[in-house]
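Structure first, commentary second.
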Amino acid sequence: MLSSAPASAVHTLPSYLQADKLGPWGVYLQQIDRVTPYLGHLARWVETLKRPKRALIVDVPIELDNGTIAHFEGYRVQHNTSRGPGKGGVRFHQDVTLSEVMALAAWMSIKNAAVNVPYGGAKGGIRVDPRQLSRSELERLTRRYTSEIGIIIGPTKDIPAPDVNTNGQIMAWMMDTYSMNVGATATGVVTGKPVDLGGSLGRVEATGRGVFTVGVEAAKRIGLPIEGARVAVQGLGNVGGTAGKLFAQAGARVVAVQDHTGTIGNDQGLDMSALLAHVQAHGGVDGFAGADRMAPQEFWGVACEILIPAALESQITRLNAGQIKARLVIEGANGPTTPEADDILHDKDVLVLPDVIANAGGVTVSYFEWVQDFSSFFWSEDEINARLVRIMQEAFAGIWQVAAEHGVSLRTATFIVACQRILRAREMRGLYP
Ligand SMILES: NC(=O)c1ccc[n+]([C@@H]2O[C@H](COP(=O)([O-])OP(=O)(O)OC[C@H]3O[C@@H](n4cnc5c(N)ncnc54)[C@H](O)[C@@H]3O)[C@@H](O)[C@H]2O)c1
């Protein structure tokens with residue numbers, strides 16, 4: 001029987017979600033509620049952002065090397081495709097949940113619209129600790145997962161990429177599996193591939209370069225010189241390592257670094273080339289000769305002007321936000337600041353550059369990779385870096401202006417810009433049928 005109640009009353013949440021256990025998806029829904037008053041007539045369409053367009057749950061069975069059969073939970077969520085095909089990474093992690101993949105897919109919709117690349121948002125994942133698998137088990141897992149989600153991905157439908165614990169090799173297996181299934185080489189089905197296989201120059205450093213680019217723009221606007229600025233970085237991997245190196249090259253001093261192996265500092269500034277070589281050789285910062293060891297909890301209170309969380313989610317919380325001395329926090333990681341900590345930093349007048357713009361450099365160069373794959377014509381690294389910097393600077397300038405106009409945080413401003421772009425596309429396309 002059809003209900004006569006208004007849609008908003010009957011459908012406050014899709015039925016597969018429990019209001020008391022929303023997890024990361026709940027955080028995303030709060031962010032959408034916060035931005036709705038700024039959407040004007042487009043608010044009529046906002047419900048479309050509160051529901052993923054499509055969520056696929058797949059069983060991924062593989063035979064382990066010891067002859068037993070193991071089953072893993074796999075997901076692919078397409079949150080929104082109003083502006084173009086789905087785009088977003090694949091995460092292999094033991095804690096992956098549907099709520100997390102839904103939220104990450106939704107944040108990809110926001111990120112892609114914020115930098116104005118012609119994509120919707122998607123994300124995928126397998127609930128697995130890949131360190132427990134051999135290389136051939138990992139390959140079988142990746143190939144079976146790719147086959148299972150093959151019914152919804154494709155170069156013009158949804159394009160996966162690397163995320164936590166996935167890399168160029170995994171993208172190569174995904175590309176090969178998809179290509180075998182459709183009977184033709186389809187390099188454009190994934191990005192983040194090795195350069196020899198249709199990958200793009202500059203992709204590895206792209207996220208860190210984007211972090212650096214928007215960081216410099218924000219610093220200019222608050223009168224903070226990069227030359228001599230003290231920088232603290234959590235996570236010295238792909239994102240934090242590149243961002244730290246670029247800040248040091250621009251004359252800043254990286255005075256503290258924390259990773260999963262330890263916390264180190266040097267008031268004179270760490271030698272970033274030597275430190276990155278040490279991390280490459282030893283797997284982490286611990287044991288680096290040119291620095292003093294610090295207690296992990298000291299990291300957040302380090303005297304610095306710029307703080308870059310570039311490791312994990314929920315690192316800046318109500319418990320440590322009060323200690324932060326930086327004037328600028330640049331979110332290299334996805335979701336490093338909890339909503340409570342965000343409010344504390346705002347009250348302390350700390351400027352937070354949110355993940356949805358700060359780490360969008362990676363997907364921007366993924367977009368370049370996809371374009372290059374379609375045309376089979378590859379660009380130089382200088383060309384790629386120049387285009388990346390221009391896109392990031394233009395996106396940041398627009399967001400800064402919206403924040404000033406409405407007197408809102410950069411996070412809310414990024415959501416305003418992105419949601420308006422998505423919902424304008426939705427409105428113009430209209431509803432099918
Ligand atoms: N790589 C990209 O292109 C990209 C793009 C957008 C967002 N991100 C986000 O950036 C973050 C980092 O990604 P990455 O690609 O640099 O990963 P990575 O695996 O290369 O590096 C992760 C870093 O985090 C550190 N780390 C792990 N656990 C830690 C802990 N408990 N305490 C302190 N440090 C810890 C590791 O030691 C390592 O230095 C993730 O949130 C990811 O989703 C990455």
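Read-outs: derived from the displayed coordinates by stated rules, not from any lab. Source: prediction; values computed, not measured. Please note: Cβ atoms are built from the backbone with ideal geometry, for glycine as well, and neighbour counts cover all protein chains shown.
Structure values in brief
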| item | result |
| --- | --- |
| Spatially proximal lysines relative to residue 157 (Cα-Cα < 19 Å; intrachain offsets below 8 disregarded) | 53, 87, 111, 123, 193 |
| Span from the the stretch 142-193 Cα centroid across to the the stretch 76-98 one, whole angstrom | 13 Å |
| Spherically averaged projected area of the stretch 202-287 from its Cα convex hull (nm²) | 5.3 nm² |
| Overall Cα dimensions of the stretch 228-355 - principal axes, largest extent first, Å | 39, 27, 24 |
| Scaled radius of gyration (Cα, divided by 2.2 N^0.38 Å) that the chain gives | 0.97 |
| Residue (of 380, 142, 38) at the positive-pole extreme of the chain, dipole from beta-carbon charges | 38 |
| DSSP-defined antiparallel bridges as percent of all bridges, the chain, nearest 5 | 50 percent |
| Candidates 246, 236, 64, ranked by Gaussian network fluctuation over the chain, Cα under 10 Å, top entry | 64 |
| Exposed-loop-free span, longest in the chain, where chymotrypsin sites (Phe, Trp or Tyr not before Pro) count as exposed if DSSP calls them loop and at most 16 other C-beta atoms lie within 10 Å | 17-376 |
| Pair residue 289, residue 68: separation of 7 Å Cα→Cβ label points (nm) | 4.6 nm |
| CD proxy at 222 nm, helix term only [per DSSP H run n ≥ 4: -39500 (n - 2.57); per residue of the chain; nearest 500] | -13500 deg cm²/dmol |
| Furthest towards positive pole of dipole, 28, 228, 248, structure part the chain, Cβ charges | 28 |
| Mean shadow area of the stretch 83-183, taken as a quarter of the surface of its Cα convex hull (nm²) | 6.2 nm² |
| Whichever lysines have a C-alpha closer than 17 Å to that of residue 21, once near sequence neighbours (fewer than 8 apart) are set aside | 50 |
| Assigned charges on the beta-carbon of Lys, Arg, Asp, Glu; the stretch 206-358 dipole about Cα centre (debye) | 340 debye |
| FRET efficiency, 1/(1 + (r/R0)^6) with R0 22 Å, evaluated for residue 325 and residue 397 via beta carbons | 0.20 |
| Within the stretch 206-358, percent of DSSP bridges classed antiparallel, to nearest 5 | 30 percent |
| Contact order relative to length of the chain, as percent, for alpha carbon pairs under 8 angstrom and 6 or more apart | 16 percent |
| Mean separation of Cα contacts under 8 Å, 6 or more apart, over the residue count of the stretch 13-109: relative contact order % | 29 percent |
| Normalised contact order of the stretch 206-358, rounded percent, pairs of Cα under 8 Å and 6 or more residues apart | 22 percent |
